[in-house]
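The values are calculated or read from the model by the stated rules, or taken from the named source; none is laboratory data. The structure displayed is predicted, hence computed values, not measured ones. Note that each Cβ is placed from the backbone with ideal geometry, even for glycine, and that neighbours are counted across all protein chains shown.
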Amino acid sequence: MADEVRDEYEEVNKKIRARMDKIGRKIMIMSGKGGVGKTTVTVNLAYELAKMGCKVGVLDTDLHGPNVAKMFGVEDKSLSSRDGVTILPVKVRENLVVMSLSFALEDPDAPVIWRGSLKMSAIRQFLSDVEWGELDYLLIDTPPGTGDEQLTVCQAIPELTGTIIVTTPQPVAILDARKSVNFSRKMGVAIIGVIENMSYLRCPGCGEEIPIFGKGGGRKMCSEMHVPLLGEVPMEIDLRSAEDEGKDWMDEGISHPSAEALKAIANEINNGTACSTSRDTSFLGTPSCSPSACASCTSNCPSRKK
Ligand SMILES: Nc1ncnc2c1ncn2[C@@H]1O[C@H](COP(=O)(O)OP(=O)(O)O)[C@@H](O)[C@H]1O
Ligand SMILES: [Mg+2]
């Protein structure tokens with residue numbers, strides 16, 4: 001690396017450091033396969049954590065398919081700046097802000113045709129130049145896989161609290177989710193846990209559980225790979241339609257099994273009862289894992305299921 005390029009890189013690193021120092025937990029949501037529910041999980045965990053009183057930021061690093069703004073119902077908002085240099089994230093609620101490349105695109109149908117180096121610069125700029133302020137959580141949504149975006153996040157935030165891996169129970173999704181587990185391990189990042197999404201669909205007629213993507217795949221993988229299962233989230237039409245309309249469907253006062261599952265996961269994360277499996281578990285506080293969430297956890301929590 002030429003000297004000037006290295007200096008500039010280090011300068012951005014310093015800015016990222018300063019911004020990240022003001023943020024409590026930085027969590028990257030990832031999956032091997034696309035369409036398994038990463039953005040759904042990110043958006044709904046953000047809503048729940050914000051409702052618990054936490055200050056939450058969401059960073060959308062899915063540069064080719066940025067859906068976060070649409071799911072929050074803020075896709076029409078545009079970016080602003082106080083000083084012409086730094087960028088203010090878009091406010092979803094008083095204590096919930098979001099940053100996505102989609103706010104900077106004039107035509108929502110225009111494809112973003114970028115190579116790795118450009119993607120790396122964009123993500124580093126989101127971390128360095130966005131005025132995140134003091135936050136309890138920064139949730140980082142990613143595209144599928146273990147490529148430029150995930151690598152950039154891990155390298156730019158070495159103190160990343162951990163990853164949440166989303167999968168469906170389907171064997172092809174599990175095959176790819178295993179790679180996300182091993183990616184986190186290779187990067188030395190703690191795995192907060194796995195969320196199995198689309199675990200089943202309840203038949204509106206007879207009430208039977210229909211295992212559209214198979215059954216028990218997430219639990220089996222967690223047990224084989226010794227990572228915690230944070231929860232199983234069923235498929236629901238209301239969840240899908242709320243996301244298309246950009247609504248917080250957990251707010252509607254109706255009890256939905258998917259909402260309950262996501263709420264329980266947000267609680268476990270925020271109360272420190274979610275077990276993490278490698279590096280730095282100090283953020284979890286006094287470990288007191290709930291057996292339902294930690295059936296396959298191998299950490300040293302006293303209450304871990306033997
Ligand atoms: N539990 C669920 N029930 C119903 N629809 C879901 C559920 N999880 C995700 N979806 C829908 O599936 C699609 C893919 O989810 P998304 O969160 O965009 O996945 P990813 O970010 O992994 O690509 C979206 O249309 C979303 O609304
Ligand atoms: Mg997504």
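Report every pair of residues separated by at least 6 positions or lying on different chains whose Cβ atoms are under 7 Å apart, first residue within the stretch 198-224 and closer than 26 Å to residue 182 by Cα, second assigned to a helix (DSSP H, G or I) and among the polar types (S, T, N, Q).
none
Which of the numbered conditions does residue 189 fail, given that it passes all the others? Conditions: (1) surrounded by fewer than 18 Cβ atoms within 10 Å (Cβ to Cβ); (2) assigned to a loop (DSSP other than H, G, I, E, B).
The failed condition is (1).
Looking only at residues that are more than 20 Å from residue 75 (Cβ to Cβ), of a type in the set (D, E, K, R) and at pLDDT 90 or above in the stretch 239-267, which one is farthest from the chain's Cα centre (by Cα)?
Ranking the qualifying residues of the stretch 239-267, first place goes to 260.
Give the stretch 1-28 a look and list any residue that's surrounded by 12 or more Cβ atoms within 10 Å (Cβ to Cβ), more than 15 Å from residue 155 (Cα to Cα) and without any contact (Cβ under 8 Å) to a residue 24 or more places away in the chain, or say none.
8, the sole residue that qualifies.
Take the residues in the stretch 133-157 that are touching a strand residue (DSSP E or B) at 6+ places or on another chain (Cβ under 8 Å) and among the charged types (D, E, K, R), then tell me which one is farthest from ligand 1 (Cβ to nearest atom).
134
Give, as residue ranges, the strands (runs of 3 or more DSSP E) completely inside the stretch 83-168 that count at least 2 residues that are among the small types (Gly, Ala, Ser).
none
So which residues in the stretch 227-248 are assigned to a helix (DSSP H, G or I) and more than 10 Å from ligand 1 (Cβ to nearest atom), if there are any at all?
Within the stretch 227-248, the first condition is being assigned to a helix (DSSP H, G or I), and the residues that meet it are 237-245.
Passing the criteria: only 245.
Can you name the helices (runs of 4 or more DSSP H) wholly within the stretch 1-81 that have at least 3 residues being within 16 Å of ligand 1 (Cβ to nearest atom) and over 18 Å from residue 129 (Cα atoms)?
On the way: elements: 3-20, 38-51, 68-72.
Hits in the stretch 1-81: 38-51, 68-72.
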